[in-house]
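As structure tokens, the structure follows; a few thoughts come after it.
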Amino acid sequence: MQRVGVFICWCGTNISNTVNIDEVMTAVENMPGVAYSKDYQYMCSEIGQNLVKDTIKEHNLNRIVVASCSPRMHESTFRKAAEAAGLNPYLLEIANIREHCSWVHKDKEAATQKAISLTRAAVAKAILNDELIPGEVGVERRALVIGGGIAGIQTALDIADAGYEVDLVEKTPSIGGKMAQLDKTFPTLDCSACILTPKMVDASMSSKINLYTYSEVEEVSGFVGNFEVAIRQKARSVDMEKCTGCGICLAKCPIKTALSEFEEGLSNRPAIYTPFPQAVPNVPVIDRETCMKFRTGRCGVCEKVCPTKAVDYDQKDQILNKKYGAIIVTTGYDLIDLDYFGEYQYMDHPDVITGLEFERLVNAAGPTGGKLIRPSDKKKPKKVVFIQCVGSRDKSDRGKSYCSKICCMYTAKHAMLLKDKYPDSEAYVFYIDVRTAGKGFEEFQRRAVENYGVNYIKGMVGKIFPTNNKLQVNGVDSLSGEILQIDADMVVLAAATKAKPEADDVARMLSISTDSDSFFSEAHPKLRPVETHCAGIYLAGACQGPKDIPETVAQASAAAVKAIGVLSKSKLVNNPCVSEVDKSICSGCLACADMCPYEAISEKIVEEKANGKIVGRRVAEVNETLCQGCGGCTVTCRPGAIDLKGFSNKQILAEVDAICR
Amino acid sequence: MEKIREEIKEKARQALASKEVDVILAWEKGELWYDSYPAFFTKEKDIDSLVWDSFCVNNLSKYLLEYTMTDKKIGVFVKGCDALAFNQLVQDNRVSRDKVVLYGLPCSGMVDPDKVRTKNLNQGLTEIKKSKDKLIFITKDKEITVPAHEVYYDKCLHCRYPNPVTYDQLVGETVAAEGVLDDSVRFSGVKELEELSCEERFEYWDGQFSKCIRCFACRNVCPACSCKQCTFDDSDLEVLGKAREDSEDKFFHLIRAYHVAGRCIDCGECSRVCPQDISLEKLNRKLIKDINELYGEYQAGLDPSAKAPLGTYKLEDADSFTVGEKGGKKREKNSKR
């Protein structure tokens, strides 16, 4: 006989404002199986938890239902309380009457009825709960960081510092990411390279960090503590061991027509190249699509001039299969394509540039040697218009509804850099709002206005007309209503940030989720900001949402701590809610194995007696360490031979029945 | 048909004599004129009673399930629809291909006894002969010729696979498909229903399902219903009791339809055997049509190594619930320079 104890939480007024607790209590008392019920204002508090623990013992309860917030929030809290009172933690059920009820409804009468239904379902399920004992599984004490920008570098350094091995996989030939392209950084105007390159070197020198540049993660399987990953090391065509980074090949390469990715296409690079002089590793790659040797078979100059015979045209892609305990995703962001923003002339006029292109134009190591000149005629710009929110806070199809967060600050920075270089120049900034929430940010932006005399205009630019070497910017000052015409020499667009185009594929590969803008979703927007819904996979940097450098670095260190939390354990506790096959019913059709996303189901031959003989019969078998308890197999199985422990078909049906009652 | 009857018997005899197979699965004549029921032959001398006539509608492939737990080698005669069924059983891991010898029988259609009765052709019937697209009904004193399509089963009129899609040995000559193979005919019943309002459709199916006496004949005959233990035989199953209950009739039919979805070979046997004339073929064909539209044309039973469209996931699978396309049009970066 099950004795169910039901505990109804008010969640302060979060639940009790919308749900009539007294009415729920009366209904609960009459539910079959309920031996005790109690309501309390904060069930998750110490007093509330003690209430649960004490009554389990006093009233000899053997099943517990807590009607409160989402199980994501406090299931583990109450499971621990139940365990402390000597009850198997899996005998506890949560009825979510907050997120699923009080928070989403206004009608108190209806919400109360729904809360009763949800609680009744949880009671019906709890009665059928079985004791479950989790198993243990070992941990591969090594981390994988995907993406070698500042987020990835910081994460790798922190994990290495804690004494664990880290593999850092970067798609491009060098680590460094977007930060390596930046000139100065707000709000202190220190040089980006000066603070980044020491970290890049640290990462390459660390005995605990292995860099896999020009490499991509191709396949991920397994689970927390035991991920199995295939990494494709693309053929560099240069032997990493032999190359000394002397750079002779770069200078001698006859093909210099490729647009430099690092310079945002503002200059060319040879077919054999390192993205930038401080690249780590300082080993070039051959861009096989551009290289004459690969295209026509003739050339071979780099091979001839290489003093260490490091050039190897026959190098092939290599697949490395490795195991990891934790994965941190730090794949960064891109700027949106501006082809739908025809009014700004970006696609048609070379002097309309993005913020990132501006960074290269003012950078001492950039294509102009730091001379800020117009790409069209190499003349100094006298009047520069900066347009913010190009595609940000834009609900139309061509833009992004969110704020890109970094543009207000970098635009202020750009305007100041311009005025620093050419004090007699004029800077105009068109903005919707100036958002400077951050330490020292407001002061920084005010400096641009007050000390540098940057003209901030609240308003939008309607259209830009190229006329006689100028760009006629037609905008409106929405405060005065005045229509403005500015003959600018250069226009800088603060293009919206966006998730990497391959983010959805990465998410699919890792079984993590993305939001509607393809940024990776954190497990909880406030309380679990660096975790994903997939245990052992963490997020850092702008792949999770637009972010500046300080925030990215903070998140990177946080993700590192979370990963170290996994790596520091020698054993992890398994989720006991895994699938189980009733082999006596199983027909061995293995539809479940085809369906299983974790490859946890395989064929097994069981011996059975039939017609007086022992014969082998094919059935399905679940590998409990691989099973993630998604339940897909249970609904694929026609005869119902598979059940998910803790969520059996019977339990689900009991819940449905209880709700429909 | 009558020409190859002796050839079939000879094949069966030889197969048993040479120990090529331990059992021959074929048809035998019953007591009534329309009775040609499945029979297992293990002795050569019994082969005399083997029959191949216009009433061998029963699909023999499913009877192979009787032999899943033995190491016997079985020879089985398969028509076009039976061969699809065989492949489906192989795909479902219920029959081992290497334990079976398939004798393919091209078939241009089977005769519906009800239609014969309606035309009063069964009085004193001794034999039915086929002549091109006509059937000759022979009695003691006369011969009556009727167009074959007037007496064939409805399901045979639109048969798309009159010749077996798989076999080890073919007996007789292949035949041409005689029916109208156009999908618009195949799915016309489904399309009519799709045009009804939600309420009208509910009313239609309510009327159909409430006729059900839960005899399970549709399930028992279905080559896709091959589970070791059917979920409807689970005494613990709380959705199907003994008592007559409208909602449970619906549960039964909808669960049945979904259990065979993506694996239904569209042989029409369920409708044929239904004593209550429930239009099960429309339900099955609705699912076939949806699957074809969502995941591309798929004919269950054509390729035993194919993956069932509803049991697997492909990146290019339809995401009809995702609204709109993500991202904008791509143009080459910095193409202006």
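What to note about this one:
- Residues in the stretch A:590-601 that are part of a helix (DSSP H, G or I) and more than 7 Å from chain B (Cβ to nearest Cβ): A:Cys592, A:Ala593.
- Of the residues making up the stretch A:50-59, just one is touching a Lys or Arg at 6+ places or on another chain (Cβ under 8 Å) and either over 16 Å from A:Leu92 (Cβ atoms) or buried (at least 19 other Cβ atoms within 10 Å of the Cβ) (or both), namely A:Thr55.
- Residues in the stretch A:13-41 that are more than 23 Å from A:Asn88 (Cα to Cα), assigned to a loop (DSSP other than H, G, I, E, B) and not small (Gly, Ala, Ser): A:Thr13, A:Asn14, A:Ile15, A:Asn17, A:Thr18, A:Val19, A:Asn20, A:Asn30, A:Gln41.
- Residues (at pLDDT below 95, over 24 Å from A:Arg360 (Cα atoms) and not β-branched (Val, Ile, Thr)) located in the stretch A:464-474: A:Asn468
- Scan of the stretch A:567-589 for residues that are within 14 Å of another protein chain (Cβ to nearest Cβ) and either small (Gly, Ala, Ser) or in a loop (DSSP other than H, G, I, E, B) (or both), ordered by number: A:Asp582, A:Lys583, A:Ser584, A:Ile585, A:Cys586, A:Ser587, A:Gly588, A:Cys589
- Of the residues making up the stretch B:281-319, those that are over 30 Å from B:Gln208 (Cα atoms), within 14 Å of another protein chain (Cβ to nearest Cβ) and touching a residue at least 40 places away in the same chain (Cβ under 8 Å) are B:Pro304, B:Ser305, B:Ala306.
- Residue that is nearest to A:Val280 (Cα to Cα), among those in the stretch A:122-156 that are of a type in the set (Gly, Ala, Ser) and surrounded by fewer than 24 Cβ atoms within 10 Å (Cβ to Cβ): A:Gly138
- Here A:Ile564 fits the description: outside any loop (DSSP other than H, G, I, E, B) and either closer than 30 Å to B:Lys72 by Cα or of a type in the set (Val, Ile, Thr) (or both).
- All positions within the stretch A:432-465 that are assigned to a strand (DSSP E or B), touching a residue at least 60 places away in the same chain (Cβ under 8 Å) and surrounded by 16 or more Cβ atoms within 10 Å (Cβ to Cβ): A:Val461, A:Ile464
- Breaking point among (1) touching a residue at least 24 places away in the same chain (Cβ under 8 Å); (2) over 30 Å from A:Glu93 (Cα atoms); (3) away from chain B (no Cβ under 14 Å); (4) surrounded by fewer than 23 Cβ atoms within 10 Å (Cβ to Cβ), for A:Gln544: (4)
- Restricting the stretch B:67-78 to residues that are within 14 Å of chain A (Cβ to nearest Cβ) and touching a residue at least 12 places away in the same chain (Cβ under 8 Å), the residue that is surrounded by the fewest Cβ atoms within 10 Å (Cβ to Cβ): B:Asp71
- Leading residue by the ranking (nearest to B:Ser235 (Cα to Cα)) among those in the stretch A:622-661 that are crowded, with 19+ Cβ neighbours inside 10 Å and acidic (Asp, Glu): A:Asp643
- In the stretch A:494-520, the residues that are crowded, with 17+ Cβ neighbours inside 10 Å and among the small types (Gly, Ala, Ser): A:Ala494, A:Ala495, A:Ala496, A:Ala499, A:Ala503, A:Ala507, A:Ser511, A:Ser518
- The set of residues in the stretch A:523-541 that are assigned to a strand (DSSP E or B) and either buried (at least 20 other Cβ atoms within 10 Å of the Cβ) or in contact with a His (Cβ under 7 Å, 6 or more places away or on another chain) (or both) comprises A:Ile537, A:Tyr538, A:Leu539.
- Residues located in the stretch A:211-260, provided they are at positive phi and assigned to a loop (DSSP other than H, G, I, E, B): A:Tyr214, A:Gly225, A:Ser237, A:Gly245, A:Gly247
- Index of the failed condition, A:Gly369 passing every other in (1) modelled with pLDDT under 95; (2) within 22 Å of A:Leu335 (Cβ to Cβ); (3) not β-branched (Val, Ile, Thr): (2)
- The condition of being of a type in the set (Lys, Arg), assigned to a helix (DSSP H, G or I) and within 30 Å of B:His253 (Cβ to Cβ) holds for only one of B:Arg160, B:Arg201, that being B:Arg201.
- Verdict on B:Val185 being without any contact (Cβ under 8 Å) to a residue 60 or more places away in the chain and within 29 Å of B:Glu150 (Cβ to Cβ): yes
- If only residues of the stretch A:328-347 that are farther than 16 Å from A:Phe358 by Cβ, assigned to a strand (DSSP E or B) and not aromatic (Phe, Trp, Tyr) are counted, the one that is farthest from the other protein chains (Cβ to nearest Cβ) is A:Ile328.
- Total residues in the stretch A:116-150 satisfying the condition of being among the charged types (D, E, K, R) and in contact with a Gly (Cβ under 8 Å, 6 or more places away or on another chain): the figure is 4.
- Residue in the stretch A:56-66 that is under 23 Å from A:His105 (Cα atoms) and either not in a strand (DSSP E or B) or not charged (D, E, K, R) (or both) present: yes
- Looking only at the stretch B:233-277, residues that are more than 14 Å from chain A (Cβ to nearest Cβ), in a loop (DSSP other than H, G, I, E, B) and either surrounded by 14 or more Cβ atoms within 10 Å (Cβ to Cβ) or at negative phi (or both) come to 11 in all.
- Among residues of the stretch A:323-343 being surrounded by 21 or more Cβ atoms within 10 Å (Cβ to Cβ) and among the hydroxyl-bearing types (Ser, Thr, Tyr), the one that is farthest from A:Glu228 (Cα to Cα) is A:Tyr333.
- Residue satisfying all of: in the stretch A:249-263; out of contact with any Pro (no Cβ under 6 Å at 6 or more places or on another chain) and more than 16 Å from A:Lys293 (Cβ to Cβ); surrounded by the fewest Cβ atoms within 10 Å (Cβ to Cβ) among these: A:Ala251
- In the stretch A:299-322, residue surrounded by the most Cβ atoms within 10 Å (Cβ to Cβ) [restricted to those that are touching a strand residue (DSSP E or B) at 6+ places or on another chain (Cβ under 6 Å) and more than 26 Å from A:Phe262 (Cα to Cα)]: A:Lys322
- From the options A:Val581, A:Val619, residue that is over 33 Å from the mean Cα position of the chain (by Cα), at pLDDT 95 or above, of a type in the set (A, V, I, L, M, F, W, C) and closer than 23 Å to B:Pro304 by Cα: A:Val619
- Members of the stretch A:576-586 that are buried (at least 19 other Cβ atoms within 10 Å of the Cβ) and more than 25 Å from B:Cys230 (Cα to Cα): none
- Residue count for the stretch A:203-239 satisfying the condition of being in contact (Cβ under 8 Å) with a residue 60 or more places away in the chain, surrounded by fewer than 18 Cβ atoms within 10 Å (Cβ to Cβ) and of a type in the set (A, V, I, L, M): 2.
The values are calculated or read from the model by the stated rules, or taken from the named source; none is laboratory data. This is a predicted model, so every value here is computed, not measured. Glycine gets a Cβ as well: all are built from the backbone with ideal geometry, and neighbour counts include every protein chain shown.
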